[in-house]
Amino acid sequence: MNVNGIGVAGYPAWQGARKAESSTKGGFGANVQGAKNVVHIDPDAVFSIHHVKTGESANVYRADDYSEDNPVYLVKGTDKNGNEYEQTVDVSKVNPNSCSYTELLALNAHTGNRSDSNFMTMSILKDKMGGTSYHEKTDYMTMAHELMNGMKTLGNWDGYLRYNKWINDIMTFCKSKL
């Protein structure tokens, strides 16, 4: 599924990956006009996202030396000042209780959470951060639990189960560190 340039403030544009196994780092793909910058959404990335409010974007790729024993990802994108960045993320060292959004995106991609509904989870988590940068650290697990409990209060059991699965996937991978 392709959802690009929705254009309503606060709703990111996204390009889902077709085959995560063959996704590696590379140059940026299609250009999308954002609120502040030209952002790059790459259809060959494992996961790509753009936030319209801040103008930030991120494309997550498996690093050249990626393996199950060395789960390293490359995150390339545009920061809120319009500058391109490149960050290497070893997901085995990411603590979801204190990590940046770019680190969480790599961890999210590594745990196999790349569905359309998961894109919404990542978008809502970013939106809860307000105008903070993709590179500022925060406690995403507390946010996810709050969202899950909100779904329970509303009686939205599909949403509740979706957040519960996402939290369990992340925590199962990170259990040795937390």
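Worth pointing out:
- Among the residues making up the stretch 55-78, those that are in a loop (DSSP other than H, G, I, E, B) and over 14 Å from the mean Cα position of the chain (by Cα) are 55, 63, 64, 65, 66, 68, 69, 71.
- Complete set of residues in the stretch 119-144 that are modelled with pLDDT under 85 and either within 14 Å of the chain's Cα centre (by Cα) or under 14 Å from residue 97 (Cα atoms) (or both): 119, 120, 121, 122, 123, 124, 125, 126, 127, 128, 129, 133
Condition check ((1) touching a residue at least 12 places away in the same chain (Cβ under 8 Å); (2) out of contact with any Phe, Trp or Tyr (no Cβ under 8 Å at 6 or more places or on another chain)) across all residues:
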position: 123; (1), (2): yes, no
position: 130; (1), (2): no, yes
position: 136; (1), (2): yes, no
position: 139; (1), (2): yes, yes
position: 142; (1), (2): yes, yes
position: 153; (1), (2): no, yes
position: 162; (1), (2): yes, yes
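- Checking 159, 155 one by one, the residue that is over 19 Å from residue 96 (Cβ atoms) and modelled with pLDDT under 90 is 159 and no other.
- Qualifying residue in the stretch 151-165 (condition: exposed (fewer than 14 other Cβ atoms within 10 Å of the Cβ), within 28 Å of residue 79 (Cβ to Cβ) and not aliphatic (A, V, I, L, M)): no
- Note on the stretch 67-91: among residues that are among the hydroxyl-bearing types (Ser, Thr, Tyr) and either touching a Ser or Thr at 6+ places or on another chain (Cβ under 8 Å) or at pLDDT below 95 (or both), the one that is surrounded by the fewest Cβ atoms within 10 Å (Cβ to Cβ) is 67.
The values are calculated or read from the model by the stated rules, or taken from the named source; none is laboratory data. Quick caveat: nothing in here was measured; it's all calculated off a predicted structure. Reconstructed Cβ throughout: ideal geometry from the backbone, glycine too, with neighbour counts over all protein chains shown.
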